[in-house]
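The values are calculated or read from the model by the stated rules, or taken from the named source; none is laboratory data. Given the structure is predicted, the values throughout are model-derived calculations rather than measurements. Neighbour counts are summed over all protein chains in view; Cβ atoms, including those assigned to glycine, are modelled from backbone coordinates with ideal geometry. Protein only, heavy atoms only, side chains kept; ligands, DNA and RNA dropped before computing areas. Shrake-Rupley method; radii C 1.70, N 1.55, O 1.52, S 1.80 Å.
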Amino acid sequence: GTKSNKYFHIFDNGEHVACMMDEHCENGVVMGAIYSKDEKPGSVKGADIAGVVFSDGTVVKYDRSAHKMIIQIASGNVEIEATKMKLTGDLEVTGKIQATDDIQTTGGDVKAGAITLKLHKHVGVTPGGGTSGTPIP
């Protein structure tokens, strides 16, 4: 793609493609892949949709009219490597969060159910080196 959506893709060996050649078939260009009765369009299609369906069933799709990206991993993990990552917007997690270092908040609070890390109090507080009771919600 060279206009609104820019991307690069190498065709697979044996893929059915259309070529445009000069009059001596010495120079030319691969114009693109051609669907056939055996090779049909995948599930990623539409005027405002760009994406790819990989051979293992993984789908990466962006719908520019809905401003939505979907990544469906068939099996395995997603790994993002960067020196620093910034996420702007709300984050919703279904599943566990595991951190190998400190979790910090600047100005915010951490809540677990009705218990707030900043404002919670404990029952059975004893002065000195004693252990307090459970947090009060």
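Annotations for the structure displayed:
- Candidates Val78, Val29, Val53, ranked by Gaussian network fluctuation over the chain, Cα under 10 Å, top entry: Val29
- Rolled with a 1.4 Å probe across the full set of protein chains, the surface gives His24 an accessible area near 120 Å².
- Relative contact order (%) - criterion: Cα under 8 Å, at least six apart; region: the chain: 9 percent
- Given charges at beta-carbon only (K, R positive; D, E negative), |dipole| of segment 3-65 in Debye: 460 debye
- Cleavage-rule hits (trypsin sites (Lys or Arg not before Pro)) in segment 1-68: DSSP loop, at most 13 neighbouring Cβ within 10 angstrom: Lys3, Lys37, Lys45
- Global size of segment 14-110 as Cα Rg and Dmax, reported in angstrom: 21.5, 72
- Neighbour cut-off at most 13 other Cβ (10 Å), DSSP loop, chymotrypsin sites (Phe, Trp or Tyr not before Pro), segment 1-68: Tyr7, Phe8, Phe11, Tyr35, Phe54
- When the Cα positions of Val53, Val30, Phe8 are compared along the charge dipole of the chain, Val53 comes out farthest toward the positive end, with charges on each C-beta of Lys, Arg, Asp and Glu.
- Dipole check for the chain: with +1 at the C-beta of Lys and Arg, -1 at the C-beta of Asp and Glu, and the Cα centre as origin, the magnitude is about 940 Debye.
- Selected from Met85, Met69, Met20 as most flexible by GNM, with the chain as the system and alpha-carbon contacts under 10 Å: Met20
- DSSP-loop GluC sites (Glu not before Pro) across segment 13-71, with at most 10 other Cβ within 10 angstrom: Glu23, Glu26
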